[in-house]
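The values are calculated or read from the model by the stated rules, or taken from the named source; none is laboratory data. Predicted, not measured: the structure shown is a model, and the values here were computed from it. Cβ placement follows ideal geometry from the backbone for every residue including glycine, while neighbour counts extend to all protein chains displayed. Please note that ligands, DNA and RNA were not included when accessible areas were found on the heavy atoms of the full protein model with its side chains. Shrake-Rupley method; radii C 1.70, N 1.55, O 1.52, S 1.80 Å.
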Amino acid sequence: MEEYLESMAAFRSEFQPRNDDILLTSFPKTGTTWLMALCHNILNLEEDEEDILTEKNPHDVVPTLDGAYLADQLPYSCLPEAVRNSGCKLVHLARNPKDTLVSMWHFYNKILRREPMSSPFPIERAVESFCSGVIPWGPFYEHVVGYWEESRKRPDEVLFLKYEELCRDPKDQVRKLASFLKNGDNDDDDDVVEKVLQRSSLGRLKELEVNKNGVLEIVPIPNAHFFRKGTVGDWKSCLTPQMAKRIDHLTQFKLRGTGLSLDDF
Ligand SMILES: Nc1ncnc2c1ncn2[C@@H]1O[C@H](COP(=O)(O)OS(=O)(=O)O)[C@@H](OP(=O)(O)O)[C@H]1O
């Protein structure tokens, strides 16, 4: 955790954005890996004949070497001042809080359960931490609302997408993302959109050797941990009705007056 804090502090104090930079800013477990793959494919489909995603996990492909686009999971309020005042583009992918929490719970259980006999982190404690906001990169709601509000103020510079909409209407959402990334100069051709989606799909990425048995280059995490079910509503398999109710109440409370609602997810 100390290393993360150091790198965040360095990012805040030293990062100098260019106007054509693109920053991916999702909260952990909301689909960052998917967003990275989509952006990579939208921006590089023509040049990337070899398809680098067959060799590297999306987290090792973004940031790009020339720094054209990169990812961080900081809340909007913690972004370097220089980013907030620059014309660089931000893309935020939001996800249903209950699915985010459950995805995070599975992820941390995989990371923490290095010893074969160690028991899983109880879901009750995960719910408690999520609701109190004491989670990595938390609190969740302030994170989402920060980017949501900024996207309403600066729609040309901040794009707010939703995981559920990407699942429901992938072509439409990919066209929206491509248009944003390429300043409207995107190829709307159905075949191009299909290819971007196919190359970025969970089913495909998950089955690649690099993601089955490889380890991330930037931190030693098995690539397989970034791919699980990728379904909407998976929380139903883990949360009790009481837990779900508690999170729904909190969501309603935290989103009140923001223009975002539970029905959006
Ligand atoms: N390509 C693609 N398409 C659709 N969904 C995908 C994809 N890649 C990852 N996933 C699902 O996203 C969840 C992981 O979230 P993140 O990528 O944000 O995780 S991380 O913060 O980068 O560690 C996690 O969701 P859950 O399955 O619900 O746990 C992944 O399965």
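Summary table below
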item	result
Within the range 166-210, considering residues that are within 25 Å of N223 (Cα to Cα) and charged (D, E, K, R), the one surrounded by the most Cβ atoms within 10 Å (Cβ to Cβ)	R199
Which listed residue is of a type in the set (V, I, T) and in contact with a helix residue (DSSP H, G or I) (Cβ under 7 Å, 6 or more places away or on another chain), from V219, V192, V215	V215
Among residues of the range 14-38, those that are more than 16 Å from the ligand (Cβ to nearest atom) and either modelled with pLDDT under 90 or aromatic (F, W, Y) (or both), counted	8
Long-range neighbours under 6 Å by Cβ, at least six apart or interchain, first residue farther than 25 Å from C131 by Cα within the range 80-100, second open to solvent by 10 Å² or more (accessible area, probe 1.4 Å) and assigned to a helix (DSSP H, G or I)	P80/R12
Options E6, E55; residue that is more than 23 Å from P170 (Cβ to Cβ) and touching a helix residue (DSSP H, G or I) at 6+ places or on another chain (Cβ under 8 Å)	E55
Matching residues in the range 18-51 - criterion: being open to solvent by less than 50 Å² (accessible area, probe 1.4 Å) and more than 20 Å from the chain's Cα centre (by Cα)	L45, D48, D51
Test: residue in the range 228-251 that is closer than 24 Å to V91 by Cα and away from the ligand (no atom under 15 Å from the Cβ)	yes
